[in-house]
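The values are calculated or read from the model by the stated rules, or taken from the named source; none is laboratory data. The structure displayed is predicted, hence computed values, not measured ones. Here Cβ is always computed from backbone atoms with ideal geometry, including for glycine, and neighbour counts include all displayed protein chains. The accessibility values were calculated without ligands, DNA or RNA, using every heavy atom of the protein model including side chains. Shrake-Rupley method; radii C 1.70, N 1.55, O 1.52, S 1.80 Å.
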Amino acid sequence: MSCVLPPSEMEISNAGHRYKVDILYGPTKVCGVLKHRTTRVEHIKEKLEKLGFEVKLRRTIDYEMVIFAFEGHTVFTCLATNLSVLGCSTYDPTACRLIKLMLAERNHAKLRCKLC
């Protein structure tokens, strides 16, 4: 499965405003060693930054959890094991769904700004 975004959704955010996304990642256990690793979220961070988001990685104590927040509001959570470790968000269905969700949140926020 390939994650192909329509050209209208791939545009960089308007008027220099960069919407904030926080990626909170918990510790994972690999070979008996429990520690915070960014391997499964780094490619998502890079993709969102290319799309114009300001992304920050933050540690959390929630074991094997990854939480994605748009402008301070949680919009998506999953187990770290649901994300690809290969570093390619294009073929990772969970990452693809997440990126589309963040774009929808951004588009909704833009619409709210126009109405204000």
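Could you list all residues from segment 81-92 that are modelled with pLDDT under 90 and either closer than 14 Å to Leu48 by Cα or open to solvent by 50 Å² or more (accessible area, probe 1.4 Å) (or both)? Listed by number, the residues that qualify are Val85, Leu86, Gly87, Cys88, Ser89, Thr90, Tyr91.
Each residue in segment 60-74 was checked for being open to solvent by less than 50 Å² (accessible area, probe 1.4 Å) and at positive phi, and 1 pass.
Residue by residue, here is whether (1) touching a strand residue (DSSP E or B) at 6+ places or on another chain (Cβ under 9 Å); (2) at pLDDT 95 or above holds:
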| site | (1), (2) |
| --- | --- |
| Met1 | no, no |
| Ile12 | no, no |
| Cys31 | no, no |
| Glu42 | yes, no |
| Leu48 | yes, yes |
| Ile61 | yes, yes |
| Ala69 | yes, yes |
| Leu98 | yes, no |
